[in-house]
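Working notes, structure below.
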Amino acid sequence: MNWKTFYALLSRDGHVARRNLIPMLLQNLLQPILFTFVFGRVLTTSGMMPQSYKSMLLPGIMAISMVMSGVWAVAMPLISEFQFTREIEDRLLAPIEIGWLAVEKVVAGMIQATVAGLVVLPSAWLVMGSGVNLDLGHMVEFLLIALLVALFSASGGLALGCSIGQTQVGLMFSLVLAPMMMFGCAYYPWQALSPFPVLKYAVLVNPLVYASEGLRGALVPSAPHIDTIIVIAVLAVTDFALLFLGLKKFNGKALS
Amino acid sequence: MGVGIRTDKLRKVYDAPPPAARGGGFGFASGPKEKGPKKKFEIVALDDVSFEIRPGEIFGLLGPNGAGKSTTIGILTTRTMPTAGRAFLGDLDVWQDQVRAKRLIGVVPQRPNLDFMLTAREVLTFHGAYFGQGSKERERRADELLERFKLTDRANQMPRTFSGGMMQRLSIARAMMHDPEVLFLDEPSAGLDPQTRLLLWEIIRDYNKSGKTIVLTTHYMDEADSLCERLVIIDHGKIIAQGTPKELKASIPGGYLLRLRFNQTPESLLDALRALPTVTEVRATENAGVDVYAGSGGELIGPIVTSAQAAGAELQDVHIAEPSLETLFLHHTGRSLRD
């Protein structure tokens, strides 16, 4: 392992991300903020939704923003760099084992997901106005879950980015990401699915469910949520499975 | 000084299309389905390729498209895993210690693969950083190389706006950024205008003068002839000849190649041609063509016309090729290099 090279690769991604900071933030955060405004402000203030929905929604919005930015930050560059032009080749020739380049991509994705989470939490809070009751007494749990969510998003991005081609990006969004968001328990707690027993257990294959429920459990412990221990265990297993799969696919793509 | 290269019985069989051609990913569209057992995809790109490159040499891999040149370069540069055989840079087995191998080499790919998210200068400075250069050193080297490759005035622009020749120059500058012992150039002058090509040759020779080993692939005869000290000729994944350009040319029977075309080629005509002075080999080719290898060129035309008339045939086309690598390639494969 060559730390100098690893750091240089990470600086390169940091440099590119900083250069595209504004469009990147708009792309990742505008949609959740608008969603927050409509559901967390308009519908609650007009009385169509109870005030308590605000606190329920906020951790879910944070989970979605983190997952989408992490996936996007890792998958999209990989998809384009592994295409015909093979822009990634220069970095594959850097003096470091090629698996570390994939790990570097995951670390860069985790940083971007964390930044997205840190930006969206206060912004969404502001947009919702008064009536948000977050409990900041479970910081360790919160940080651990946030870290696992960031790793999930980045390693998921690695696996996705190395599995599909540029022509299938639209398909990836409609077939993978859109259902994941809708059935990710981000906009409602898992408990709310009780009237739909089949759906309630089917959505458990969706890792976003654990991300949303985990952050909800850490920030709004009084709301119904899946047990934090289960959340942490499932996220940890998912993270490592995706990372393993992603690394394998990356190696397959990188070498001919 | 300098690092040599050795390959030992390299073999590469692709069981899937190489990534560049694959386009990536799954798809719903599939080709026409064939009945019966599924046909296995298999391409033998290299078969038992062994050669040795001396330290500090300019070495050429010459062959038509699809001959296996890029696969050879891919194996030597850690990018293509050999199915069998070994490759060495100096004493280092490339596939035993890829990281150390990568420190020794600089690679200029066939198609520019510049990092499009960076400016031209950043392409160089980040490359330097990957190789552990300090910030002052990489800025200095980047400035030098930009100057030398006449890119200084475009240094802060994104390379996606560059012309093909400028991208190629930047690719070469990038490969030289960490001062590698061996520089690989995969078809460096494809698509370059003659002026840029000469500049490129000068740069390659200069770099070689500092004791570095240069390996290049090409399908241009003149490039191999004027630039390379030694070369191998590859076709269909096999080495068909190797040596200095002079040795290789001297190995062509007769030296000159006369490509003739008649309206018909009766056996008596071929016999008459074989009997002409200095002729060493006569081969009938497609469409009433005949390739004649001989020790002389133009002075044979008269006797050839006479022989044709005697055999009742008419000479319709003549092309005289002087001893060259092109004629050598034709001699070994029966095909032109550009085919």
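Rule-based calculations on the coordinates, nothing more; no lab input. Predicted model only: the values in this text are computed from it and were never measured. Because the Cβ atoms are built from the backbone with ideal geometry, glycine has one as well, and the counts that use them run over all protein chains shown.
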Would you say residue A:176 is within 14 Å of chain B (Cβ to nearest Cβ), over 30 Å from residue A:50 (Cβ atoms) and free of Cβ contacts under 8 Å to residues at least 60 places away in the same chain? yes
Would you point out which residue out of B:71, B:125 is in contact with a Gly (Cβ under 8 Å, 6 or more places away or on another chain) and either surrounded by fewer than 16 Cβ atoms within 10 Å (Cβ to Cβ) or under 27 Å from residue A:254 (Cα atoms) (or both)? B:71
(1) free of Cβ contacts under 8 Å to residues at least 24 places away in the same chain; (2) closer than 25 Å to residue A:255 by Cβ all hold for residue A:96 apart from (1)
Quick one: residue A:94 ticks every box in (1) more than 7 Å from chain B (Cβ to nearest Cβ); (2) surrounded by 21 or more Cβ atoms within 10 Å (Cβ to Cβ) bar one, so which box is it? (1)
Matching option when the condition is part of a helix (DSSP H, G or I) and away from chain B (no Cβ under 14 Å), among A:109, A:137: A:109
Please name all residue pairs, on different chains or six or more residues apart, with Cβ atoms under 6 Å, provided the first residue is in the range B:79-92 and is within 14 Å of chain A (Cβ to nearest Cβ) and part of a strand (DSSP E or B) and the second residue is of a type in the set (D, E, K, R) and surrounded by fewer than 16 Cβ atoms within 10 Å (Cβ to Cβ). B:92/B:100
Residues (part of a loop (DSSP other than H, G, I, E, B) and either closer than 17 Å to residue B:53 by Cα or more than 10 Å from chain A (Cβ to nearest Cβ) (or both)) located in the range B:66-78: B:66, B:67, B:68, B:77
Are any residues in the range B:249-279 at negative phi, part of a loop (DSSP other than H, G, I, E, B) and not hydrophobic (A, V, I, L, M, F, W, C), and if so, which ones? B:251, B:253, B:263, B:264, B:265, B:266, B:277
From (1) more than 10 Å from chain A (Cβ to nearest Cβ); (2) in a helix (DSSP H, G or I); (3) within 16 Å of residue A:92 (Cβ to Cβ), pick out the condition that doesn't hold for residue B:95. (2)
Quick one: in the range A:69-86, of everything that is surrounded by 24 or more Cβ atoms within 10 Å (Cβ to Cβ) and part of a helix (DSSP H, G or I), which residue is nearest to the other protein chains (Cβ to nearest Cβ)? A:78
Is it true that residue B:132 is crowded, with 17+ Cβ neighbours inside 10 Å, without any contact (Cβ under 8 Å) to a residue 24 or more places away in the chain and either out of contact with any strand residue (DSSP E or B) (no Cβ under 9 Å at 6 or more places or on another chain) or polar (S, T, N, Q) (or both)? yes
Condition met for residue B:115 (within 14 Å of chain A (Cβ to nearest Cβ) and within 29 Å of residue A:18 (Cβ to Cβ)): yes
